[in-house]
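Trainee: Dropping the structure in here first, questions after.
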Amino acid sequence: MSRRLLTGGTVWAGAACAPRSTWLLVDDDRVGAVGDETGTTPPPPADQLLDLSGCHVLPGFVDVHLHLSQAAWFPLGVDASGWRGLADALRAVRVTAAAAPDAPWLLFWSVARWRWPEGRLPTAGELDEAAPGRRVLVSTLDMHRGALSAAGLAATGLAERGGASKLGDDVTCDRRGRPTGELWEAAYGIALQRALADTIAHVGEAGVQAALQGEANRCLAYGITHAHDPYVSPEWHQRMLALHASTLLRLAWGTGSVAGMHSRAPGPAAAPDGSYGDSGREVKLFADGGDRCALRLPTRALVGLLGGAVAESWRLHATGPLREALRRRLVVRPRHLDAPYLRYTDTELASLVAEYANAGVRLRIHALGNLAGAQAARVLRGVGVPPGAATIDHLLLLDPATADHVASTGVPVSYQPGFLPRYGTMLKAARADRYVTVLGGRLLLRAGVPLALSSDHPCGSVDPLHNLRAAVERRLPGGQQLQPEQALTRTEAVRAATVNAATSLQAPGGGGLAPGQAADLVICDGDPFQEGTRVTQTWIGGKLAWQAPEATGGRPSTPTRR
Ligand SMILES: [Zn+2]
């Protein structure tokens, strides 16, 4: 048994995560005791003393929506977030093709195409001209839309008419019915899965474990003690088990279709048996898409949305934004306006939800727009799914009635305030914030929803401190606040990123830093809400899982094995 006393710092203590200047005793793998609010209780004897003057001790961050198995491959591709338009894209594709003649795929990530004057991604024809004969995948930042070269389309089975037509609207075709290279949702997911499978075959199993380890270590360095990957292909299940056995990071994941993340989940028979790491079996279902989210707005929003697109086109001196806005399907009814992008009918979703729930597989339902949120709530209630057996993810665009409907299910919601700095300007330019709440944390809390805070890395920033600040400050890159009334308090934000998140996974950490709880904790070199404060140590089950290189005298820290 080892008893280590952390003194001199501020401890965000208990299930309430209330900060107080006090000490904390780590007794082997658990929290042994915490000093009270008055700070007058004398600390108990210990084997080791850590002076944490000026530091803050928080419960370990539990990220319930972090695409670890996909983000692990980002370093093998090119970060395209800085591209300002098609010319940048095609130049980079040309350069990368020449630099990587053996790569099975040329992968480009995180395109913010809404900032481009063209608004659209390159076509297969344009990609072929830049990189003749190569398999190219260009992914948007939200990972719901992408572009493939002709060789990419062929490798993915989307070049033939049959392959593409099965996927309907998810494959954009020209007037003669030939795929243009633009893919959405399920088709994009299939292409991504194909590209990653070929890349994995190229690097070999040792390369796979190195990539996954690298991503796990990145999580630890940000103070994440538990990462939950919402979708791991059943074919990758064993690799996640191997990673789980080789890292201190708590790890859990959901399953889905072998075809790809956005494809329809095939039913519980296809879900791997046995352990899913540190939480129960889970499946991910998509009620709506990304760009194509299912949204209901008041009819008057039509003028606002169109005005927003015109203003963006004016600002960029290009027709791209307007053309993209006009491509969006909209159904105008007397009292409201629908973007009708639900992926399932209620009946289809209900039967799938019932099948998984009856098999004891927890559900994670992606619902970005309020129409999707309402459908998820309606279906969960209709099927009678108990609160602990499901989570709804995102609810990016929400209204009060839907929030109440979601609250009535009792299920937790995971939201991503870290999206505000990334997508907030775009949503504001589209004027969505005039008609619905954007990442309405306060709305959800007021409705009584158990709220977890997650990253959706790599679509959002992985850094929990960045995401906590975004939940509280709600600032756009220019410094302007978006719907400041939706802000959480600091303790609410910390609770959402730790205690509530752990509870939603029925994983260690649900009681916060309190006696008897697992000693999963994060030490920061200052106030976590102060810009510039960083994580210096990450502890899991009482073990030091990561520490900042400077804290070890400049030596790079090595991953700790279980
Ligand atoms: Zn996601």
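No lab work stands behind these numbers, since they all come straight from the coordinates. Note that the structure is a prediction, hence the values are computed from the model and not measured. Because the Cβ atoms are built from the backbone with ideal geometry, glycine has one as well, and the counts that use them run over all protein chains shown.
Trainee: Label-point separation (nm) for residue 154 and residue 245, each offset 7 Å from Cα along Cα-to-Cβ?
Mentor: Distance between label points: 4.0 nm.
Trainee: Got a sec to turn the phi values of the range 232-239 into Karplus ³J(HN,Hα) couplings, 6.51 cos²θ - 1.76 cosθ + 1.60 with θ = phi - 60°, whole Hz, x for Gly and Pro?
Mentor: Using θ = phi - 60°, the values come out as 10, 4, x, 6, 9, 4, 5, 5 Hz.
Trainee: In nm, give the distance between the simple-model label positions of residue 91 and residue 378, each being 7 Å from the Cα along the Cα-to-Cβ direction.
Mentor: So the label points at residue 91 and residue 378 sit 4.9 nm apart.
Trainee: How far, in nm, would the chain grow between residue 434 and residue 3 when pulled straight, counting 0.36 nm per residue and subtracting the alpha carbon separation?
Mentor: This chain segment gains 149.7 nm when fully extended.
Trainee: I need the phi-derived Karplus couplings for the range 418-427: 6.51 cos²θ - 1.76 cosθ + 1.60, θ = phi - 60°, integer Hz, Gly and Pro marked x.
Mentor: Coupling constants for the range 418-427: x, 5, 4, x, 8, 10, x, 4, 5, 5 Hz.
Trainee: On to the next question. What does the highest-first list of 323-333, 83-93 look like by mean Cβ count within 10 Å?
Mentor: Most protected by this proxy first, the peptides run 83-93, 323-333.
Trainee: How far apart, in nanometres, would the label points at residue 81 and residue 401 be if each is projected 7 angstrom from Cα along the Cα-to-Cβ direction?
Mentor: Rounded to a tenth, the inter-label distance reads 3.7 nm.
Trainee: Please list the non-local residues whose amide H lies under 5 Å from the amide H of residue 251, H modeled 1.01 Å from N, same-chain partners needing a gap of 5 or more.
Mentor: Long-range HN contacts for residue 251: 227, 278.
Trainee: Moving to a separate point now. How much FRET efficiency would the formula 1/(1 + (r/R0)^6) give for residue 446 and residue 99, where r is the Cβ-Cβ distance and R0 is 60 Å, rounded to 0.05?
Mentor: After rounding to 0.05, the efficiency reads 0.70.
Trainee: For the chain, what is the calculated [θ] at 222 nm in deg cm²/dmol (nearest 500), taking -39500 (n - 2.57) for each run of four or more DSSP H residues and dividing by its residue count?
Mentor: -10000 deg cm²/dmol
Trainee: Something else now. Over the range 146-271, how many percent of alpha carbon pairs lie in each 5 Å bin up to the one with the longest distance?
Mentor: 2, 10, 18, 18, 16, 15, 10, 7, 3, 1, 0
Trainee: Using 0.36 nm per residue, how much length does the chain from residue 238 to residue 47 gain when fully extended, once their Cα-Cα distance is taken away?
Mentor: Roughly 64.8 nm would be gained on extension.
Trainee: The chain: Rg/Rh from Cα coordinates, Kirkwood Rh? Walk me through the intermediate numbers first.
Mentor: Details: Rg = 23.5 Å, Rh = 24.3 Å.
Dividing the radius of gyration by the Kirkwood radius yields 0.97.
Trainee: In whole Å, how far is the Cα centre of the range 235-253 from that of the range 333-385?
Mentor: If you average the Cα positions of each part, the centres end up 29 Å apart.
Trainee: Counting only the backbone N, which residues of the range 245-270 are under 13 Å from the spot 7 Å out from the Cα of residue 166 toward its beta-carbon?
Mentor: Residues passing the 13 Å test: 258-260, 263-264.
Trainee: Just how far, in whole angstrom, is the range 453-512 from the range 22-63 if you go by their alpha carbon centroids?
Mentor: Measuring centre to centre over Cα atoms gives 23 Å.
Trainee: Between residue 506 and residue 269, what FRET efficiency follows from the Cβ-Cβ distance if R0 is 22 Å, with the result rounded to 0.05?
Mentor: The formula returns an efficiency of 0.40 here.
Trainee: So if we plug the beta-carbon distance of residue 20 and residue 480 into 1/(1 + (r/R0)^6) with R0 = 41 Å, what FRET efficiency do we get, rounded to 0.05?
Mentor: The formula returns an efficiency of 0.75 here.
Trainee: If you plug each phi of the range 326-332 into the Karplus form 6.51 cos²θ - 1.76 cosθ + 1.60 with θ = phi - 60°, what whole-Hz ³J(HN,Hα) values come out, in order, with x for Gly and Pro?
Mentor: Each residue's phi maps through the Karplus curve to give 6, 6, 5, 6, 9, 10, 9 Hz.
Trainee: Starting with the highest mean, order 102-111, 351-360 by the number of other Cβ atoms within 10 Å, averaged over the residues of each peptide.
Mentor: On the way: 102-111: 20.6, 351-360: 17.1.
Going by the mean number of other Cβ atoms within 10 Å, highest first, we get 102-111, 351-360.
Trainee: Something else about it: Return a whole-number percent for the relative contact order of the chain, with Cα pairs under 8 Å and 6 or more residues apart as the contact set.
Mentor: It comes to 18 percent, rounded to a whole number.
Trainee: Working out 0.36 nm times the residue gap between residue 306 and residue 175, then minus their Cα-Cα distance, what length gain in nm do you get to one decimal? Working shown, then result.
Mentor: Working: separation 131, 0.36 × 131 = 47.16 nm, distance 2.58 nm.
Separation in residues times 0.36 nm, less the Cα-Cα distance, equals 44.6 nm.
Trainee: May I pose another question? Take every DSSP beta bridge whose two residues both sit in the chain, then give the antiparallel share in percent to the nearest 5.
Mentor: Here the antiparallel bridges make up roughly 55 percent for the chain.
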